[in-house]
Amino acid sequence: MGVPFKRIVVYVDGSEGSLSAVMYAILLAQQNEAKLTAVSVVNTRALGELVRAGIFVDVEREEYQHDLQSDADRYLRHAAKLAAQKHVALEQVKLEGTVHAAMTTLLKERQADLLVLGGVFDIRSRREELASETDRMMRTSPCPVLVVRQDDEEMWAAFEP
């Protein structure tokens, strides 16, 4: 049997959990000489729902979407910096749409061998769990999913200066 993971995708949303996932994915890609892709998704569906609910007007939606785009760019740049520390090539992809649907499409298109996600924490109800995009990605992924705990001190130490 060869190397099990040659195409690794990591989801980046700016949370501490996704930062742990990025670091773990970098180390995994380095060890397996795998291609690594970091993906951030701007949830345009949620923005549309906020407008329909009257929480945002169109102008506010555009402003908020611009902020979300900037945040996604910042998260991807940070992932690229971490990858560069370990001399791992990282492709950055920014998508728009419903998070789990956009990720499923990308995973299929890229024929990903592994999706790496940050842990699911602080879910207070079953409804929140069902609405969680991370949970949806775990349930709908066309490839194996690795969920990374954020309390792995050894992994964090590997990225200290």
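The values are calculated or read from the model by the stated rules, or taken from the named source; none is laboratory data. In this text, all values refer to a predicted model and were calculated from it rather than measured experimentally. Cβ placement follows ideal geometry from the backbone for every residue including glycine, while neighbour counts extend to all protein chains displayed.
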(1) at pLDDT below 95; (2) over 10 Å from the mean Cα position of the chain (by Cα) all hold for Lys6 apart from (1)
Every residue in the range 52-101 that is under 20 Å from the mean Cα position of the chain (by Cα), over 18 Å from Thr37 (Cβ atoms) and of a type in the set (A, V, I, L, M, F, W, C), please.
Leu68
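Can you pull out the residues in the range 100-149 that are in a helix (DSSP H, G or I), modelled with pLDDT of 85 or more and touching a Phe, Trp or Tyr at 6+ places or on another chain (Cβ under 8 Å)? Steps first, answer last, please.
First pass over the range 100-149, keeping only residues in a helix (DSSP H, G or I): 100-110, 126-131, 133-140.
With the extra rule that they be modelled with pLDDT of 85 or more, the set shrinks to 100-110, 136-140.
Listed by number, the residues that qualify are Met103, Met137.
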Among all residue pairs at least 6 apart or on different chains, which show Cβ distances below 7 Å where the first residue, located in the range 145-161, is more than 16 Å from Gly118 (Cα to Cα) and the second is among the aliphatic types (A, V, I, L, M)?
Ala158/Leu27; Phe159/Met23; Phe159/Leu82
Within the range 10-47, residues under 18 Å from Pro144 (Cα atoms), among the aliphatic types (A, V, I, L, M) and out of contact with any Leu (no Cβ under 8 Å at 6 or more places or on another chain) come out as Leu27
